[in-house]
Amino acid sequence: MPGVYCSWTELADIIEAVSGCQLHRMPAQGWKLRVVGRMTDFLRYFKTIDSPISAETMRYATLWPNIKNTDELARRELSLRSTEETFSDAITWMVHVGHLAASHCPKVTVNE
């Protein structure tokens, strides 16, 4: 069952709101990102590239379907946590274990 769909802009807004950080945003058209993914795959034939960018990931990132699941959730008497709560917990954990610097996430408080 899919989770909650958010556009990239909505997702960035949520991350900024729960972490207090300011993300660097760069508008890009989906077809251009898919070309970058294909080019990166091609370059990997000649050079090691340590990047999550690929044709497949760019297809997912730009063509991800907005799957409606409200009816199915209601039928099964299920509910999902809010996106804000999920990202708040994830970012707090990342600060706590050292994957993110606390200075980059001023809204996150980590209790020892």
Answer yes or no: is there a residue in the stretch 36-44 that is more than 14 Å from the chain's Cα centre (by Cα), free of Cβ contacts under 8 Å to residues at least 40 places away in the same chain and surrounded by fewer than 11 Cβ atoms within 10 Å (Cβ to Cβ). yes
Residues in the stretch 1-13: is at least one touching a residue at least 60 places away in the same chain (Cβ under 8 Å) and surrounded by fewer than 11 Cβ atoms within 10 Å (Cβ to Cβ)? yes
Any idea how many residues of the stretch 60-92 are in contact (Cβ under 8 Å) with a residue 40 or more places away in the chain, part of a helix (DSSP H, G or I) and of a type in the set (Phe, Trp, Tyr)? 1
List pairs: first in the stretch 93-112 and touching a residue at least 60 places away in the same chain (Cβ under 8 Å) and in a helix (DSSP H, G or I), second of a type in the set (A, V, I, L, M) and surrounded by 10 or more Cβ atoms within 10 Å (Cβ to Cβ), Cβ under 9 Å, 6+ apart or cross-chain? His104/Val95
On the given criteria, is Ile14 touching an Asp or Glu at 6+ places or on another chain (Cβ under 6 Å) and either part of a helix (DSSP H, G or I) or hydroxyl-bearing (Ser, Thr, Tyr) (or both)? yes
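Since every read-out is calculated from the coordinates, none of them should be taken as a lab result. The model shown is predicted, which means the values in this text are computed figures rather than measured ones. So basically every Cβ, Gly included, is an ideal-geometry build from the backbone, and we count neighbours across all protein chains shown.
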